[in-house]
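So the structure is just underneath, and the comments pick up after that.
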Amino acid sequence: MNNPKDLAPDTQIVTAGRRSEWTGPVVNTPIWRASTHLYDSCDDLIQGVKRGADHEFFYGRRGSPTQWSLADALTQMELIHNSSKDQNRDAAQTSIANIAHGTLLFPSGVAAINIALLAVLKPGDVLLMSDNCYDPSRGFADGLLKKMGIETRFFDPMMGADIATLFCDKTRAILMESPGSLTFEISDIPAICKAARASGITTLLDNTWATPYFFPALSKGVDISIIAATKYIVGHSDVMMGAVTCAKKDWLRLRQTARQLGQIVSPDDAYLASRGLRTMAARLKTHEQSAVQIAHWLDRRDDVKTILHPAFPSCPGHDIWKRDFRGSSGLFSVVIRGDKKRAAAIIDDLNLFGIGFSWGGFESLALLVHPEQNRSTTHWTEGNAVIRLHIGLEDPDDLIADLAASFDKHKE
Ligand SMILES: *Cc1c(COP(=O)(O)O)cnc(C)c1O
């Protein structure tokens, strides 16, 4: 058998987590539906409780091979760009064990983010949150965290290493989102993580947009990598799920918090997420290519003001994206000329773009977004008619024709 670390990322995405003791003779790890796991003897049960190990039968709340297989694959995803061919083998082995130790699964992306925060914060702490963070993360800061006596301070996503000027004795953690999922600024994650590590502060990144395929967060210095698997992992708009991956140093406190809060995903959902993952590399390449083509087309229109897509120089942090990322996914925003009314009319008249939350599925979506309402320390000055597009797997020429018809019908 090849050393998995010598295989290319696309190959690893296909093979990861498919241990023969879990799959048996079939390709996909089957759906193990269970609450009760049965023991051979009373002593066997006592020994099992004592070990409390991952990937061992215990009780339904600790999952079964269906969930373990997915978690294992997602852990390996953080390592797919660390080929041992490129490094001194011994050094590679040790550093890899220190990068990604395991993955915890949650019933939604929001649960994954918020429970990871609960695991690292305690009353009296200060959390730094990037000002482009996703609205439910801001809501959690203002809700439960505040009630627990944890203060959240928002920072400019473009401040990079200068974040150290905001540190105080109580600063315990930093939550980042790069790119921001409405406005797409790319933060200097390695610089922020370096500053945080020097001060003993834990860094968490919502890496839903890029996934580890385009941005291997843990290898770039992040302590805790979080994704809404609902999006590109599942890929078919039919399952909610979140995942948190980290190194050994943070593993026990995260696992303990998740266990205490009874977090579990169903084997049926884990099965669908594993199935989605197998085609993710192929899907992401198509999302990327079509989104870039459509963004270029939009960029040439007089009635479009700014393209907020990390692969475009008009996007804040574009140079950092070029330095750190291996690609771009299918989600970006456009600031159009005109007002929100024009933006809404354009969206309403699209035929191939659904109107709805979430993204990462095979289908295209359009949404009127309101970044001006989601800012605390920075100001949104790009204009308020912002349309966020998710480019699906349809033929991009059909999508362009659909956009052209609606943009032309609603001239500024
Ligand atoms: C969708 C999303 C989430 C939340 O995921 P859910 O599974 O919908 O709870 C978190 N972060 C980002 C950037 C998202 O787009």
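The values are calculated or read from the model by the stated rules, or taken from the named source; none is laboratory data. Because the structure is predicted, anything quoted here is derived from the model rather than measured. Neighbour counts run over all protein chains shown; Cβ positions are idealised from the backbone, glycine included.
Structure values in brief
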| read-out | value |
| --- | --- |
| Any hit, the range 349-359, residues being over 24 Å from Asp397 (Cβ atoms), modelled with pLDDT of 95 or more and more than 16 Å from the ligand (Cβ to nearest atom) | no |
| The range 1-23 - residue that is in contact with a helix residue (DSSP H, G or I) (Cβ under 9 Å, 6 or more places away or on another chain) and part of a loop (DSSP other than H, G, I, E, B) and, of those, modelled with the lowest pLDDT | Asn2 |
| Test: Leu204 is among the aliphatic types (A, V, I, L, M) and within 13 Å of the ligand (Cβ to nearest atom) | yes |
| Residue match in the range 183-192 (condition: within 21 Å of Gly276 (Cα to Cα), buried (at least 19 other Cβ atoms within 10 Å of the Cβ), in contact (Cβ under 8 Å) with a residue 60 or more places away in the chain and acidic (Asp, Glu)) | no |
| Single match in Ala258, Ala229 (criterion: at pLDDT 95 or above, surrounded by fewer than 24 Cβ atoms within 10 Å (Cβ to Cβ) and touching a strand residue (DSSP E or B) at 6+ places or on another chain (Cβ under 6 Å)) | Ala258 |
| Failed condition for Asp188, given (1) more than 15 Å from the ligand (Cβ to nearest atom); (2) in contact with a helix residue (DSSP H, G or I) (Cβ under 7 Å, 6 or more places away or on another chain); (3) over 27 Å from Asn82 (Cβ atoms) | (3) |
| Residues within the range 295-338 that are in contact with a strand residue (DSSP E or B) (Cβ under 9 Å, 6 or more places away or on another chain), under 25 Å from Gly235 (Cβ atoms) and either basic (Lys, Arg) or assigned to a helix (DSSP H, G or I) (or both), tallied | 3 |
| Residue match in the range 143-158 (condition: within 18 Å of the chain's Cα centre (by Cα) and over 18 Å from Cys246 (Cβ atoms)) | yes |
| Hey, Glu394 buried (at least 16 other Cβ atoms within 10 Å of the Cβ) and touching a residue at least 12 places away in the same chain (Cβ under 8 Å) or not | yes |
| Yes/no for Val244 being β-branched (Val, Ile, Thr), farther than 18 Å from Ile13 by Cα and crowded, with 24+ Cβ neighbours inside 10 Å | no |
| Meets criteria (surrounded by fewer than 18 Cβ atoms within 10 Å (Cβ to Cβ) and out of contact with any helix residue (DSSP H, G or I) (no Cβ under 7 Å at 6 or more places or on another chain)) for Asp269 | no |
| Of all residues in the range 339-358 being in contact with a strand residue (DSSP E or B) (Cβ under 9 Å, 6 or more places away or on another chain) and in a loop (DSSP other than H, G, I, E, B), the one that is surrounded by the fewest Cβ atoms within 10 Å (Cβ to Cβ) | Phe357 |
| Hits in the range 316-356 - residues which are out of contact with any Leu (no Cβ under 7 Å at 6 or more places or on another chain) and among the aromatic types (Phe, Trp, Tyr) | Trp321, Phe325 |
| Some residue of the range 222-230 being away from the ligand (no atom under 13 Å from the Cβ), touching a residue at least 12 places away in the same chain (Cβ under 8 Å) and over 18 Å from Val110 (Cβ atoms) | yes |
| Qualifying positions in the range 312-331 - crowded, with 18+ Cβ neighbours inside 10 Å and in contact with a helix residue (DSSP H, G or I) (Cβ under 6 Å, 6 or more places away or on another chain) | Phe325, Gly327, Ser328, Ser329, Gly330 |
| Pairs with Cβ under 7 Å, 6+ apart, first in the range 115-131 and of a type in the set (Ser, Thr, Tyr), second outside any strand (DSSP E or B) | Ser130/Pro157; Ser130/Ser187 |
